[in-house]
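Reading through the structure tokens given below for one structure.
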Amino acid sequence: MKRLKSILSNEVRLLILIFIVAILIRFLYFPNNIHFAFDQARDAYFAQNILKGDLRIIGPPSAAAESLFPGPLSLYLYSIVLFIKNSPISLSAFFRIYNALGVFLVYLIAKNILGKKTATVTSLLYAFSYEQTQYSLFMSHQPLAVIPVLLFYLGLTHVIFRKDTRGIIISILGLGLAIQFHYVYLLYLLILALILLIFRKAFSKISIKYYIYALLFFFVTISSYIVAEIKFGGRFISTLMHTSARSTVYLTESLYVVRRFLHDTFFGNYSFTFILSIALTIALIYFLTQKRHRLVIVFLSIWFIGGLLPYLFSGTSSYYYSAGVNVSILIFITLIITTLLQKYRYIALLIFLVVVINNLLLISRVNISGLNSDMVIQRGMLISEQIKVLDYIYITAGKNDFSVASLGVPLKINTTWSYLFEWYGYKTYGYLPIWSEKPPLGFPGNLSYKEKRSDLPLTQYIIIEPTIGINEGYIEKYFSEENYFSRIVEEKDFGSIAVQKRIKI
């Protein structure tokens, strides 16, 4: 132990401690707050197929457009985790640890910009960040971009603030990996171009050799897109150009995202976001007048505004298009705190405590039940409740054959529950149910089905997911038709999920 302490510097030991704090915060309420819905089940099936030899060159389908797919790297990462332990619980643990690793990158970025002592404050703020805990709870390809985005900015800070020209390689590697996890980060090419222009003096010192290395890393990381374009006849580029041609600027949505940043970071009450924005603008102007902080403020402003580009051009307000952007805010907060610390120690401490307490309050209020409504539509699709659903179904079926249907999102798709029955139901009870209707083609799921209602077992179940996004008229029609074929014996709620036990008429 003494030898280990002598090897590890105080700086490293402190960072490891902050990393452990970040992990503990991200594992609060684990595994009861694991969100598992259609997207998660679909991607888990893709990962399992990769392990069986079905290699992919495109990632999961995109909700934005049918022909736009991210890269497949996320699915290969899932396959590694599921190979080690085939469970969505282990996959969720991976996401939480992965996001906590950002502590080290945030520390290095802040150290490059503000120095060693202030970097500790920023990494602490990242450890307690409510927004980043939400990223750690969302098992999808988008949150995986947090680490590459931080790599992108880490490399830029090496070039601009440390005069280390090798940083361009780190930066372009991070950009390529971010694009691999979501094509929206192609917009960061605009950010890179702007930074190259404004900080051209620093970048002019980079040798051609490093630019070549950087480009090689970039093309390797986006190579799956290139292969997919060749195979599918340029589908991605044509769709992207068509989408871009009809894009408009969405200021309202972007302003909402700015307010959400202030709400989630500083004070969890939207009534105060206007006052906060004025106070921060005054602080911003003050630091711009200070010569030694001017470049820092310009850099952080580009980072923050660049993170709004997906919202400006898409019109969405989804949480996950701004991976790593809140770190620019955290660094700015650190700058405010460390500046005040010189003369107004108690005010600096108060700001730090307000930010930390706000984030902890949001974590305790929201994370206990999983993801917020800006991250997913169907809140309440929790593994803990889904396991209770399956236990209830198997126990009340009494080892008899039974059929299952679901009223969920997407409609008539059994991917989510097929995965859960295969993973937990079969492993625990040794047999699988019959699905009560033929699912649409092209969606993962291995449960057998019966097209004729007369062929279904006597005991039947309907699982009712949170119905947000489902038309009320459709729900009424669904149960009206179901009542022709079966009658309700019992209905039971499990959190936001309900189950009807039915008997065939």
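The values are calculated or read from the model by the stated rules, or taken from the named source; none is laboratory data. Not measured: the values here are computed from a predicted model. All Cβ positions, glycine included, derive from the backbone under ideal geometry; neighbour counts span all protein chains shown.
For the reader, a short list of remarks on this structure follows.
- Any hit, segment 169-183, residues being surrounded by fewer than 16 Cβ atoms within 10 Å (Cβ to Cβ), touching a residue at least 40 places away in the same chain (Cβ under 8 Å) and either outside the structural domain of Pro61 (by TED's automatic domain parsing) or over 28 Å from Leu55 (Cα atoms) (or both): no
- Residue that is at pLDDT below 95, of a type outside the set (A, V, I, L, M, F, W, C), in the same structural domain as Val258 (by TED's automatic domain parsing) and assigned to a helix (DSSP H, G or I), where the choices are Thr157, Thr165, Thr133, Thr118: Thr118
- Put simply, of Val149, Val184 the only residue that is β-branched (Val, Ile, Thr), under 14 Å from the mean Cα position of the chain (by Cα) and at pLDDT below 95 is Val184.
- Spans of strands (runs of 3 or more DSSP E) in segment 410-505 with at least 3 residues β-branched (Val, Ile, Thr) and closer than 22 Å to Arg379 by Cβ: 459-464
- Inclusion of Ile333 among residues that are surrounded by 19 or more Cβ atoms within 10 Å (Cβ to Cβ) and farther than 30 Å from Trp417 by Cβ is warranted.
- Criterion: of a type in the set (A, V, I, L, M, F, W, C) and either in contact with an Asp or Glu (Cβ under 9 Å, 6 or more places away or on another chain) or under 23 Å from Ala44 (Cα atoms) (or both) - qualifying residue of Ile179, Ile191, Ile206, Ile212: Ile179
- Out of Ile206, Ile237, Ile191, sole residue that is among the hydrophobic types (A, V, I, L, M, F, W, C), within 21 Å of Tyr153 (Cα to Cα) and more than 24 Å from the chain's Cα centre (by Cα): Ile206
- Flag for Gly102 being in contact with a His (Cβ under 8 Å, 6 or more places away or on another chain) and surrounded by 21 or more Cβ atoms within 10 Å (Cβ to Cβ): no
- Within segment 68-87, the set of residues being of a type in the set (S, T, N, Q) and assigned to a helix (DSSP H, G or I) comprises Ser74, Ser79.
- Any hit, segment 336-348, residues being within 24 Å of Val146 (Cβ to Cβ) and either over 22 Å from the mean Cα position of the chain (by Cα) or among the small types (Gly, Ala, Ser) (or both): yes
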